[in-house]
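Asker: Shown below is the structure under consideration.
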Amino acid sequence: MRFKLSAARFRKAGALRLLWAFSLLAQTPPPGPRFDVRLPRGIDFVLRNSPTSRKYLIETMPGGVALLDYNNDGLLDIFLVNAGHVRDPLPRLPNFDRHEPSYWNRLYRQNKDGSFTDVTRQAGLADVDDGNYGMGVAVGDYDNDGYSDIYVTNFGKNILYHNNRDGTFTDVTAKAGVAAGGWSVSAGFFDYDNDGHLDLFVTRYLDWNVANSKTCGDLNAMYCPPTEFPAIANILYHNRGDGTFEDVSVPSGIAAKKGHGLGVAFADYDGDGFTDIFVANDVTNQFLFHNNGNGTFTECALESGAALTSDGKMLSGMGVVFQDYDNDGLPDLLVTQLPHQPYVAFHNDGHGSLSAQELESGFGAISGKSSGWGVGLEDFDNDGWKDAFIVQGHVFDNVEVYDSSLRYKDPPLLAMNHHGHFEEADAGSNLPVAGRGAAFGDLNNDGWIDAVGTSLGDHPQFFLNRGGNSHWLTITLRGKLSNRDGFGARVQVNGQVRFATATGSYLSSNDKRLHFGLGSRESADIEIRWPSGIRQFIRNVKSDQFLAVDEPARP
């Protein structure tokens, strides 16, 4: 059936179409942030992973980066984890030859002009143990002295460096009892029992060693998938408050579940006042350890809806961040994985339930072509919505031989958040790299979040946010009854919520300061629920400032 329009009705329809077009323009989101991608003066680090013909799986998994203010001068410094020299073939008891300075981990102190100085040697962090192949880093003030300490994960033994408050660090691993062993990957400090002392969680990837190593592939050797090696349990250390830790992996229930743990993130997903743990597992069900509040945990990812994709498949989980992306006050999850599988956003539906929403979140349309590793949910344009930034690169350095549609090296992915739906934007660089770790923070204290990503065999990438006109607020928590860092606090600013933590991403540690974009708002109302249970309200705070908040004494 055909219809005829009168001239008047045609003009009216045209006007309506014009109105509709203008409404679309009005709804068009503002352009994303602009990044200045360059290596700051003084940074000369190269992540040396030493790839070999034997395709030892450890070669493709490092390395982490931490943004921290180790000397409390108000400027973010950078710690980068190096890997090590891998002989081809490795002896059954490898030593990785790390006395050569090019294989050291590096600490760079930021100067007032934005440049960096390598202070690794004078800080006491040089000449790391030959027996370790470096992986990741966690940062936290485990002894509540007001200075950030550094924990480095390795294949081999992990190392805890105590901050001596004079610009130097001391290896206190043996005294603290946190060497772990095996293949540790990501780690994080958090206070699971709310006693005011930061505990430590360590993910472990595989029960792997030189003796059981193998290569896969037919005509061309490739790294074997994790299913070729036995799964292994993660580790939980309880802080005794005297500078030592106790391995409580067994009595807490953590050791009861074995997986292929890579990324880890913390948040109180069900609002009961106790911090829970999410572990991104590679080709295994994801783990969500619910904190029972009595020193034990129950793994409940399958029952809660956070174990599998929306179509019931296992994830190749690698990086993870645990924050609220749709501003409903509940922490959600974003997990990165291998190509041909979209990154998965697990939406927190409340009442302890989560749901995989690859399509609803937008990641089904903008991911799936690359492998994702380090990941952050940060408000890069200060509009009040947390955006996603992901560093990318395949596991296999010869993946093109097996799948011509894939590449070993890829540029990063920036996805802007439009009221809970993500759309790809310009990340500032199309340079393909074998991205791994990523950390996020305001490097130049201009109120705009920056990113640092590590790349195998290459310099780190720095994404310096050029900023814009929107307002912001950055909060530093100082716990009294709670842990000094305030980790585990729930902070709400003008309806947005962040959960205080430096942990997330992959192998890396973020700026512990809490950043909030305020859009056009020139003031903010703040509500803090401290781990101690104290609730604090601060009204009508001026925007565009760095605010330190001390936990009040219990009434």
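The values are calculated or read from the model by the stated rules, or taken from the named source; none is laboratory data. For clarity, every value in this text was computed on a predicted model and none was experimentally measured. Backbone-built Cβ (ideal geometry, glycine too); neighbour counts: all protein chains shown. Ligands, DNA and RNA are excluded from the accessible area calculation, which covers all protein heavy atoms including side chains. Shrake-Rupley method; radii C 1.70, N 1.55, O 1.52, S 1.80 Å.
Asker: Give the residues of segment 214-234 that are in contact with a Lys or Arg (Cβ under 7 Å, 6 or more places away or on another chain) and not in a helix (DSSP H, G or I), sorted by residue number.
Answerer: First, pick out the residues of segment 214-234 that are in contact with a Lys or Arg (Cβ under 7 Å, 6 or more places away or on another chain): 215, 221-224, 228, 231-234.
Passing the criteria: 215, 221, 222, 223, 224, 231, 232, 233, 234.
Asker: Which of the following residues is acidic (Asp, Glu) and surrounded by 18 or more Cβ atoms within 10 Å (Cβ to Cβ): 527, 522, 551? Before the answer, list the steps.
Answerer: Numbers: 527 fails: surrounded by 18 or more Cβ atoms within 10 Å (Cβ to Cβ); 522 fails: surrounded by 18 or more Cβ atoms within 10 Å (Cβ to Cβ).
Criteria check complete, one pass: 551.
Here's the yes/no breakdown for (1) part of a strand (DSSP E or B); (2) open to solvent by 70 Å² or more (accessible area, probe 1.4 Å):
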{"site": "33", "(1), (2)": "no, no"}
{"site": "36", "(1), (2)": "yes, no"}
{"site": "49", "(1), (2)": "no, no"}
{"site": "62", "(1), (2)": "no, no"}
{"site": "67", "(1), (2)": "yes, no"}
{"site": "71", "(1), (2)": "no, no"}
{"site": "85", "(1), (2)": "no, no"}
{"site": "88", "(1), (2)": "no, yes"}
{"site": "97", "(1), (2)": "no, no"}
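Asker: Using beta carbons and a limit of 7 Å, which pairs, at least six apart or on different chains, have the first residue in segment 501-513 and more than 18 Å from residue 476 (Cα to Cα) and the second one open to solvent by 10 Å² or more (accessible area, probe 1.4 Å) and small (Gly, Ala, Ser)?
Answerer: none
Asker: How about segment 239-298: which strands (runs of 3 or more DSSP E) wholly inside it have at least 1 residues that are open to solvent by 10 Å² or more (accessible area, probe 1.4 Å)? Spell out the reasoning first.
Answerer: On the way: elements: 245-247, 261-267, 276-281, 287-291.
Here the list reads 245-247, 287-291.
For (1) touching a residue at least 60 places away in the same chain (Cβ under 8 Å); (2) surrounded by fewer than 21 Cβ atoms within 10 Å (Cβ to Cβ), each residue gets a yes or a no:
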{"position": "366", "(1), (2)": "no, yes"}
{"position": "380", "(1), (2)": "yes, no"}
{"position": "398", "(1), (2)": "yes, yes"}
{"position": "405", "(1), (2)": "no, yes"}
{"position": "408", "(1), (2)": "no, yes"}
{"position": "412", "(1), (2)": "no, no"}
{"position": "432", "(1), (2)": "no, yes"}
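Asker: Inside segment 162-181, can you point out the residues that are touching a Ser or Thr at 6+ places or on another chain (Cβ under 7 Å), outside any loop (DSSP other than H, G, I, E, B) and either open to solvent by 20 Å² or more (accessible area, probe 1.4 Å) or under 14 Å from residue 139 (Cα atoms) (or both)?
Answerer: Matches in segment 162-181: 162, 163, 175.
Asker: Hey, residue 310 hits all of (1) of a type in the set (Gly, Ala, Ser); (2) touching a His at 6+ places or on another chain (Cβ under 6 Å); (3) open to solvent by 40 Å² or more (accessible area, probe 1.4 Å) but one; which does it fall short on?
Answerer: (2)
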